[in-house]
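We did not get these values from a lab; they are worked out from the coordinates using the rules stated. Treat the numbers as computed from the prediction; the structure is a model and nothing was measured. As a convention, Cβ positions derive from the backbone with ideal geometry for all residues, glycine included, and neighbour counts pool all protein chains shown.
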Amino acid sequence: MGSKEDTQTDPPCISRACAIQNCLQKSNYKEEKCRKEVDALYECCNQFYQEKGEDASSVCCPKYDLLKLKIKQRSQESA
């Protein structure tokens, strides 16, 4: 399922959030092994906010301002 479809689910981005939980369980809760899944959730949530506005809400997504901060931190870590 692509990011566009994930934003249309109820709640938005639920499959991305579940993928993180599955990854954490499989990796004995080593968060660094689930970076790809976390990044996919952030991408989905970012798309969700672009579609619905900064005041939108999903139990699967951090608040808009926190999401932007997390994305910025991730990009700095990758640089």
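Quick notes
- Every helix of 4 or more DSSP H residues in the chain counts as -39500 (n - 2.57), and over all residues that averages to -20000 deg cm²/dmol at 222 nm.
- Calculated from the alpha-carbon coordinates, segment 3-78 shows an Rg and a Dmax of 12.2, 36 Å respectively.
- Across segment 3-78, the mean sequence separation of Cα contacts (distance under 8 Å, 6 or more residues apart), normalised by length, yields a relative contact order of 32 percent.
- Cross-link pairs 36/70; 4/52; 30/70; 30/68; 36/68; 26/63 - those with Cα-Cα distance over 20 Å: 30/68; 26/63
- Solitary cysteines of the chain, where the nearest other Cys Cβ is not under 4.7 Å: 18
- Relative protection proxy for 51-62, 32-43, 12-23, 67-78, from highest mean packing down: 12-23, 32-43, 51-62, 67-78 (other beta-carbon atoms within 10 angstrom).
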